[in-house]
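One structure is given below, encoded as C-alpha cells.
Readers should treat all values here as calculations from the given coordinates under stated rules, not as data from a laboratory. None of the values given here were measured: they were computed from a predicted structure. Glycine also receives a Cβ, built like all others from the backbone with ideal geometry; neighbour counts cover every protein chain displayed.
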Amino acid sequence: MKYGSVVVLMLSLVADFLLAHPLDVGYLQVNQQGETVSVELDLHPKVSELLIGSSINDKAERSKRLLESTLNENSLLSEDTKCRLENPLLYEMATTVRLKAQAHCPVGKTLAISLPFLKNLPPPFQIFLRAARNGEEEATFILSQDKPSITFRPESSEGFWDFIHLGIQHIGALPSEWWAEGRLKLPDGIDHILFLLALILGGGTPRGLIKTITGFTIGHSITLALGAFGLVNLPSRLVESCIALSIAYVALHNIRGKNSHHGVWVAFAFGLIHGLGFASHLSQLHLSPLPFLVALVGFNGGVEIGQIMILTLLVPALLLSRHLRIERLAIPACSLLLVVCGSYWFFERLLG
C-alpha cells in the first residue's frame, strides 16, 4: 500500500508537469528595415488559449485578439514614439501558433521592446527574442516575468553567462524551478533529471558512474550542436517520446541488475537523443553564426553545470543507502517508479 500511494503521488505530479511542459518558452523576432518594423511571435497553442481563450472561432478575430493580448501599442517604442502594430496574420500549426504583424516606426538610436503579457503566464515562461536592424545589427535577449522589457542596442545583447544561466535553469537545477507561487512544481527538465537518476542508480562504482555520465554528456553535446545548427532535424514528438522511453529502459535495466561496462554506451546512445531535445530550444532563435555559437556553448555549459549540481545532491543519497544497507531495496523501488513515469510519458507523448 505504501508503494501504491507513492506511485499515485508521483503520477499526479507528473500529470501536472505534462500539461505545463510545452508552455515554458516562446520565440519573438523583431526586424527593423528603415521605418518598417516586422514582428513574428511563436507560441504554443495552449499559451494562445491562456491569453485569448478557446471560444473564438473566427481566425481574423483570433489574430486581432492575440495581437492585442501580446504586442499592443506599448510594446514597441522608437525613441519617444510608439509604434502601432497592424495587419496581424495568424498561422496555426500542430505545435505552434505564429503571429505576424508590421508597424511604421521612425528610425532612432534605440528600439524599446516591452512584453507585459508575460505577467499573465506561469513564472517559468520565457521569450527568446532576436532583434535585428537593417540586416546588420543583431542582438539576442531572454525576457521573463522578472524582465519583461529591454532597450535594443546591438552592444546590449545577452552574453555567454546569460545562456549558461538558461542552461542551468532548463535542466531544473535551480530551486526556483521546483517552487513557485507557494507550491511545489516539477521543472521543465524533470525528464532529463530522472534519466540522470536512472543512470546513477545503475552506476555501480564511482569510477563506473563517472564513465556513464561522461558518455551521456558526450552524446547529448554532439546532437545538441548538430540539431541546433539544423544538421539533424527529427519530429519533436519522436524525440520527446524516445527521451521518455530512455528513462524506462535504463530503470528497467537497473531492476534486472544488468550493471556492466556496456552502460556507458547505452548512456551515450540516449545522450544523443536527449541532445536533440535541448537543441530545439536554440534552433528556433535563427541567430547569425557568432551569436548562435555563443548561445550554443553557453547553453550547453549551463546544462553540464546543472548536471553536476544535481549529481552532488543525488550521489550522497545513494552512498547513504549503501551505508544503511538498504541499497538492495531502495534501488529497485526507485527504479520501479522511474519505469512507471517513463512509460507514462512515452505513451502520452507518442499519442499526443
Note down, for segment 184-350, the three equivalent ellipsoid semi-axes (square root of 5 times each alpha carbon gyration tensor eigenvalue), biggest first, whole angstrom. 29, 17, 14
Please say if segment 215-259 is rounded, prolate or oblate, where rounded means a/c under 1.5 for a ≥ b ≥ c the square roots of the C-alpha gyration tensor eigenvalues, and otherwise the choice is prolate for a/b larger than b/c and oblate otherwise? oblate
Residue order, fewest to most surrounding Cβ atoms within 10 angstrom, among GLU240, GLU92: GLU92, GLU240
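Fewest to most neighbouring Cβ within 10 Å: what's the order for LEU51, LEU238?
Result, fewest neighbours first: LEU238, LEU51.
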Based only on the alpha carbon positions, what is the Kirkwood hydrodynamic radius of segment 25-158, in angstrom? 14.9
Segment 222-250-segment 319-352 distance, computed between alpha-carbon centres (Å): 21
